[in-house]
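The values are calculated or read from the model by the stated rules, or taken from the named source; none is laboratory data. Everything numeric here is computed off the predicted structure, so don't read it as measured data. Methodologically, a virtual Cβ is constructed for each residue, glycine included, from the backbone with ideal geometry; neighbour enumeration extends over all protein chains shown.
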Amino acid sequence: MVAGNFNARSGATSKIPPSQRIAFTATFSNPSVDLHWFVDEHYIGASKSGGSVFWPLDKGKHRIVCSDGKGKSRAVAISVK
């Protein structure tokens, strides 16, 4: 698993209007490693440890995955209403 902070709680519900974007941020023990982000198995971008990737909110349930590209990953599920 990706070590450190992953700023979304599994099962979290957001009531933010879908026209807004949400920032996904994670920290990793090696700050030079690229972290890759996926929402519902679709690649949305990469960031360094502590950096953010932004995603436009979409109604429904979603699975967010952050991966270091070497097999370590963490996933959370969110719901946007």
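Return the residues of the range 24-34 that are under 12 Å from the mean Cα position of the chain (by Cα) and over 14 Å from V76 (Cβ atoms); say none if nothing qualifies.
Residue satisfying the conditions is T27 alone.
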Cross-chain or 6+ apart pairs with Cβ under 7 Å, the range 56-72 first and surrounded by 11 or more Cβ atoms within 10 Å (Cβ to Cβ), then modelled with pLDDT of 85 or more and of a type in the set (D, E): H62/D40; R63/D40; G69/D34
Selection count where residues are assigned to a loop (DSSP other than H, G, I, E, B) and under 23 Å from S32 (Cβ atoms), scope the range 43-70: 6
